Amino acid sequence: MRQGIDAQLRELGWVEGGNLLIERRYANGRAELLQPMAEELVRLKVELIGTVGTQAAVAAKNATTSIPIVMFGAGDPVRTGLVASLARPGGNITGLSMVSPEIDAKRLALLREVLPAAQRIGVLVNSTNPISAVVQKETEPVYRSLGVQRS
Amino acid sequence: MIAVAGESELENAVAEIARRRAQALVVSDDALFYVHRVSIMNAAQGTGCRPWSRVQNC
């Protein structure tokens, strides 16, 4: 992802170290680091915050209402409360959503094709990620329709 | 369904799913699971699962 962003920035005339300074912060899966990182970026007075993942977007939203935030992939931004609606997001956030509940439903259908006899499927979710509750609720009917029990 | 809040809970969570005799393991899109995907695969294989790309057949 970083290579893609860097390449596109260069194409648009922004060269890091030249006319662009990027303050990168990585939580490496530790959600508790995201809020302080977002607050640090606000203190540094960056002009734009890019986020990867739902939790990073939520942290950025909690940290600022004025600095523009661009999501590079987050769970459903409406159902996680990041934006008011897709048509009129409002606030200072825009970007790309993974629409993950729908993708998870499709993934389960594919799993059913791979393992047609499976009746018990273990599901691992991150309790600290707000999209998890949305996905659980949205995929429940899919599991039922496939005759699969989540364990 | 097993909910985890951090890396330290991953191994036990996979073991618990195996104890419940799940026949497959679904891991949702999440930074925690992406960063620790190798640990999850190793934990699942330790329970006798055969790895798939995103879904593991236990």
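The values are calculated or read from the model by the stated rules, or taken from the named source; none is laboratory data. Owing to the predicted nature of the structure, the values given are computational and were not obtained by experimental measurement. Cβ placement follows ideal geometry from the backbone for every residue including glycine, while neighbour counts extend to all protein chains displayed.
Please specify each residue of the stretch A:24-43 satisfying the condition of being of a type outside the set (A, V, I, L, M) and surrounded by 11 or more Cβ atoms within 10 Å (Cβ to Cβ). Before the answer, list the steps.
Step one: filter the stretch A:24-43 for residues of a type outside the set (A, V, I, L, M), giving A:24-26, A:28-30, A:32, A:35-36, A:39-40, A:43.
If the condition is that a residue be of a type outside the set (A, V, I, L, M) and surrounded by 11 or more Cβ atoms within 10 Å (Cβ to Cβ), then A:R25, A:Y26, A:N28, A:G29, A:R30, A:E32, A:Q35, A:P36, A:E39, A:E40 are the ones that fit.
Does the stretch A:118-132 contain at least one residue that is among the basic types (K, R), crowded, with 16+ Cβ neighbours inside 10 Å and closer than 22 Å to A:V148 by Cα? Reasoning before the result, please.
Residues of the stretch A:118-132 that are among the basic types (K, R), as a first pass: A:120.
In the following step, the residues that additionally are crowded, with 16+ Cβ neighbours inside 10 Å were identified as none.
For the stretch A:118-132, residues among the basic types (K, R), crowded, with 16+ Cβ neighbours inside 10 Å and closer than 22 Å to A:V148 by Cα: absent.
Would you check if A:P141 is of a type outside the set (V, I, T) and in the same structural domain as A:I49 (by TED's automatic domain parsing)? Lay out the reasoning, then the answer.
Details: of a type outside the set (V, I, T): yes; in the same structural domain as A:I49 (by TED's automatic domain parsing): no.
So A:P141 does not fit the description; no.
Just to check your reading of the model, which residue among A:G13, A:G29, A:G4 is part of a loop (DSSP other than H, G, I, E, B) and more than 30 Å from B:V4 (Cα to Cα)? Lay out the reasoning, then the answer.
Values: A:G29 fails: more than 30 Å from B:V4 (Cα to Cα); A:G4 fails: part of a loop (DSSP other than H, G, I, E, B).
Going through A:G13, A:G29, A:G4 in turn, just one is part of a loop (DSSP other than H, G, I, E, B) and more than 30 Å from B:V4 (Cα to Cα): A:G13.
Mind counting the residues in the stretch A:16-26 that are outside any loop (DSSP other than H, G, I, E, B) and charged (D, E, K, R)? Quick ask: steps written out before the conclusion?
The first filter runs over the stretch A:16-26 and keeps only residues outside any loop (DSSP other than H, G, I, E, B), leaving A:16, A:20.
Then keep just the ones that are charged (D, E, K, R); that gives A:16.
Result for the stretch A:16-26: 1.
Surrounded by fewer than 19 Cβ atoms within 10 Å (Cβ to Cβ) and touching a helix residue (DSSP H, G or I) at 6+ places or on another chain (Cβ under 6 Å): which single residue out of A:L115, A:L146 fits that description? Walk me through how you get there before you give the answer.
Working: A:L115 fails: touching a helix residue (DSSP H, G or I) at 6+ places or on another chain (Cβ under 6 Å).
Sole residue among the options that is surrounded by fewer than 19 Cβ atoms within 10 Å (Cβ to Cβ) and touching a helix residue (DSSP H, G or I) at 6+ places or on another chain (Cβ under 6 Å): A:L146.
Looking at the stretch A:69-80, can you tell me whether even one residue there is modelled with pLDDT of 95 or more, crowded, with 20+ Cβ neighbours inside 10 Å, of a type in the set (A, V, I, L, M) and under 30 Å from A:T139 (Cβ atoms)?
Within the stretch A:69-80 (the criterion being modelled with pLDDT of 95 or more, crowded, with 20+ Cβ neighbours inside 10 Å, of a type in the set (A, V, I, L, M) and under 30 Å from A:T139 (Cβ atoms)), the answer is yes, since at least one residue qualifies.
Taking the conditions exactly as written (of a type outside the set (K, R) and without any contact (Cβ under 8 Å) to a residue 12 or more places away in the chain), does A:P116 satisfy them or not? Please lay out each step first, then the result.
On the way: of a type outside the set (K, R): yes; without any contact (Cβ under 8 Å) to a residue 12 or more places away in the chain: yes.
When the stated conditions are applied, A:P116 passes them.
Among the residues of the stretch A:115-136 satisfying the criterion of being more than 7 Å from every other protein chain (Cβ to nearest Cβ) and of a type in the set (V, I, T), which is nearest to A:A31 (Cα to Cα)?
A:I131
Give me a count of the residues in the stretch A:100-151 that are at pLDDT below 80, outside any helix (DSSP H, G or I) and out of contact with any Gly (no Cβ under 8 Å at 6 or more places or on another chain).
0
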